[in-house]
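The structure appears below as structure tokens.
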Amino acid sequence: MLPLSGVTVVSLEQAVAAPYATRQLADLGARVIKVERPGGGDFARRYDESVHGQSSYFVWINRSKESLTLDLKTPAARAVLHELLGRADVFVQNLAPGATARLGFGSVDLARRHPRLITCDISGYGGSGPWADRKAYDLLVQCETGLVSVTGSPEEAAKAGISVADIAAGMYAYSGILTSLYQRAATGRAAPVEVSLFEALAEWMGQPAYYTRYGGTQPPRTGARHATIAPYGPFTTGDGGTVLLAVQNEREWTALCEVVLDDPGLATDERFARNSARVAHRDTLEAVVARRFAELDTGEAVKLLDRAGVANARLNSVSDLLDHPVLTGRDRWRQVGTPGGPVDALLPPATLGGVEPRMDPVPEAGEHTAAILSELGRTDAQIKELRAAGAV
């Protein structure tokens, strides 16, 4: 028995945020029924064709789910969805603003009709307020929250290389649903959950926000260097490699000077004696570190940093990640089926003692439609009629 065995989730989901939340519920054993459009399904299925002809996004966040196709513009399909929700524990949706309410599946209507159902609405800017009706996509939210303004080089702003707004919202939706399930078990009350991409990413911008409000200026863009800690960033070694180091406190700064830079007196130089001074004299400091790293090959630099107890990393590519010794050494890879063939997939990052997460296949669009309709009592003839009418 997995921790969420017996929990049924129905999700009217698309793109990334909601599917990421529900995949994590499925990992822990929840039954997740993904409702898709007939004739193609979730549009994220067609973002790219890189994984055996399938979308890398879709394969990543849709394993272990059942796919049911419904055209909710038809009364017959809406009736099917209400039947499912009458048996479900959680309903998740991230359609366009107002879409579910217009179909009769808004959280207020569902609370009256299905009082034990936990609803989770994921939107761009919240279900109320001045931007409730505004569409939002990941990059747009990165811009609106100011993330792009603090990312990149001094010459050019850049977005994060992954869908951080979607991922943040999916994580908060996941934790919010778990909290509401716990509260329902304890009190009987099914508290609705609401998450917006904007507010999720605004929370992640907490440190730059405080720095800006109370420091008077926002952190500068510094490429791969830390904006407010020094030395903290990449340096090129004599053999052309790149090693990042991170000094977090004065003990590490002293050890860096003594063991790596071979200049103990640098530790007490008034220009570098505390972090704020090192940041103010960053260019001078980094020139000193760069000269020393140019004398070392990558392996030597890493050994010295390890000996000094200074955290460090190599600048890896995505291919390097796939072959990373930590992932193989900790047995983090599993194989998951997809309509195009098996793929390697990482275990969920939260490891529960004695629990092996579910790693079931990624479904084809509508793969489970007939089975789910049969479960609801529809006969083969009735299912055929629904298909002929375009309801499923």
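Where a number appears in this text, it was derived from the coordinates with a stated rule and is not lab data. Everything numeric in this text was worked out from a predicted model, so none of it was measured. All Cβ positions, even for glycine, are placed from backbone atoms using ideal geometry, and neighbour counts span all protein chains on display.
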* Among 256, 308, 354 the positive-end extreme of the charge dipole of the stretch 228-354 (Cβ point charges) -> 354
* Please work out the FRET efficiency for the pair residue 295 and residue 259, using the Cβ-Cβ distance as r and a Förster radius of 25 Å; give the result to the nearest 0.05. => 0.95
* Vicinal HN-Hα couplings computed from phi for the stretch 62-77 (Karplus, 6.51 cos²θ - 1.76 cosθ + 1.60; Hz; Gly/Pro x) -> 10, 5, 6, 10, 9, 10, 10, 9, 9, 9, 6, 6, 9, x, 4, 5
* Structure fact -> In whole angstrom, the spacing between the Cα centers of the stretch 88-152 and the stretch 211-225 equals 30
* Once you list every other residue whose beta carbon is under 13 Å from the beta carbon of residue 356, what net charge do they have if Lys and Arg are +1 and Asp and Glu are -1? -> 0
* Given a cut-off of 13 Å, what percent of all Cα-Cα pairs of the stretch 129-192 lie beyond it? -> 72
* Alpha carbon centroid spacing (whole Å) that separates the stretch 1-76 from the stretch 241-286 -> 49
* Counting other C-beta atoms within 10 Å, which of 262, 269, 283 has the fewest, and how do the rest follow? -> 283, 262, 269
* So what is the relative contact order for the stretch 232-314, in percent, with contacts set as C-alpha pairs under 8 Å and at least six apart? -> 45
* Considering only Cα-Cα distances, which of the following residue pairs are longer than 31 Å: 34/135; 34/384; 159/303? -> 159/303
* Asked: If each residue's Cβ is checked for other Cβ atoms within 10 Å, how do 119, 369, 298, 268 rank with the fewest at the top?
  -> 268, 298, 369, 119
* Rg to Rh quotient for the chain, alpha carbon positions, Kirkwood Rh -> 1.06
* Binning every alpha carbon pair distance of the stretch 91-184 at 10 Å from zero, what are the percents per bin? -> 14, 38, 30, 13, 4, 1
* Structure fact -> Rounded to the nearest 10 degrees, the helix 298-308 long axis (Cα) sits at an angle to the longest Cα principal axis of the chain of 80
* **Whole-Hz ³J(HN,Hα) from phi, Karplus 6.51 cos²θ - 1.76 cosθ + 1.60, for the stretch 81-93, glycine and proline x** => 5, 4, 4, 4, 5, x, 9, 8, 9, 9, 10, 10, 8
* Take every DSSP beta bridge whose two residues both sit in the chain, then give the antiparallel share in percent to the nearest 5. => 40
* What relative contact order, as a whole-number percentage, does the chain give when Cα pairs under 8 Å and 6 or more residues apart are counted? -> 19
* Starting at 0 and stepping by 10 Å, how many percent of the alpha carbon pairs of the stretch 232-314 end up in each bin? -> 20, 58, 22, 0
* **Packing-based order for 185-196, 203-214, using average beta carbon neighbours within 10 Å, highest first** => 185-196, 203-214
* Quote the convex hull volume per residue of the stretch 190-232, based on C-alpha atoms, as a whole number of Å³. => 117
